[in-house]
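The values are calculated or read from the model by the stated rules, or taken from the named source; none is laboratory data. Quick caveat: nothing in here was measured; it's all calculated off a predicted structure. Quick reminder, even Gly has a Cβ in these numbers, built from the backbone with ideal geometry, and neighbours come from all protein chains shown.
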Amino acid sequence: MKAALVIDDHPITHLGASRLLRDLGYDPVGQAMSAEDALAQLANGPAPSLIVLDITLPGASGLETVGPLRRAAPGARILIFSMNDQTGFAARALHEGAQGFLSKNAPPADFRDAVRTLEAGEFYLSPRQAVALATLRAGASADPLGALSERERQVLALIGRGSSLQAIADELGVSYKTAANTSSALKKKLGVDGMNGLMKFALDSGV
């Protein structure tokens, strides 16, 4: 039998994902409510072959947890399963080492397809995500990092890690308005549109 681990802080997601995974032959299907809980389980038990991971979690985010999960369970395939289906998040997830990205708005058939695709050793994105990600990459431009202030670099790096503006404000000890104004200034200086554009720039430039 194949083992899986679902990392999500919503019990309903655990219930639905666990049922789908058991239908696909996974047993046991472990459950963790946070990244810290998941890593503790992996340290004390057998590693799963599949990890289903949400982005928004208490404590460390799912995007920040992909790397530690890969080190704790190097043989596991990681499927990001999230309501945050912006292309920038998908790009970040793949950059960190996940093998698939699926919106929670997708039908159960897509969940099954994603799992089977990862089992086959391939990467999974919805057709819409694949086209959007290819478009972002095709539109990559030069990196005028020298024009950024230290605070702008900090904000850009946090955006690249998938942090929200409120989380950035909290981490840097500034107001939400300051974080939002810095984000707007970054868009103008870098010539990008929206948070997706800033995240793509951060990933490409390695800040």
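Elements of the type helices (runs of 4 or more DSSP H) sitting completely within region 1-92 and holding at least 1 residues that are closer than 26 Å to Lys200 by Cα: these cover 35-44, 62-72. When Glu122 is tested against (1) exposed (fewer than 14 other Cβ atoms within 10 Å of the Cβ); (2) at pLDDT below 90; (3) in the same structural domain as Thr65 (by TED's automatic domain parsing), exactly one condition is not met: (2). Filtered by the rule that a residue be crowded, with 18+ Cβ neighbours inside 10 Å and either hydrophobic (A, V, I, L, M, F, W, C) or assigned by TED's automatic domain parsing to the domain that holds Asn84 (or both), region 163-179 gives Leu165, Ile168, Ala169, Ala179.
Does Ser34 satisfy the condition of being hydroxyl-bearing (Ser, Thr, Tyr), more than 15 Å from Lys104 (Cβ to Cβ) and under 21 Å from the mean Cα position of the chain (by Cα)? Judged against the criteria, Ser34 is a match. For the condition surrounded by fewer than 18 Cβ atoms within 10 Å (Cβ to Cβ), over 19 Å from the mean Cα position of the chain (by Cα) and either more than 19 Å from Asp54 (Cα to Cα) or modelled with pLDDT under 90 (or both), Thr182 does not qualify.
Applying the criterion of being more than 19 Å from Asp113 (Cβ to Cβ) and among the basic types (Lys, Arg) to the residues of region 43-95, the residue that is surrounded by the most Cβ atoms within 10 Å (Cβ to Cβ) is Arg92.
Residues in region 160-207 that are more than 14 Å from Arg92 (Cβ to Cβ) and of a type in the set (Asp, Glu): Asp170, Glu171, Asp193.
Hey, any hits in region 18-37 for a residue that's in contact (Cβ under 8 Å) with a residue 24 or more places away in the chain, in contact with a strand residue (DSSP E or B) (Cβ under 6 Å, 6 or more places away or on another chain), farther than 19 Å from Gly100 by Cβ and not small (Gly, Ala, Ser)? Yes - at least one qualifying residue is present in region 18-37.
Out of curiosity, is Ala98 touching a residue at least 12 places away in the same chain (Cβ under 8 Å), surrounded by fewer than 19 Cβ atoms within 10 Å (Cβ to Cβ), in a loop (DSSP other than H, G, I, E, B) and aliphatic (A, V, I, L, M)? Here the answer is no, as Ala98 does not meet what is asked.
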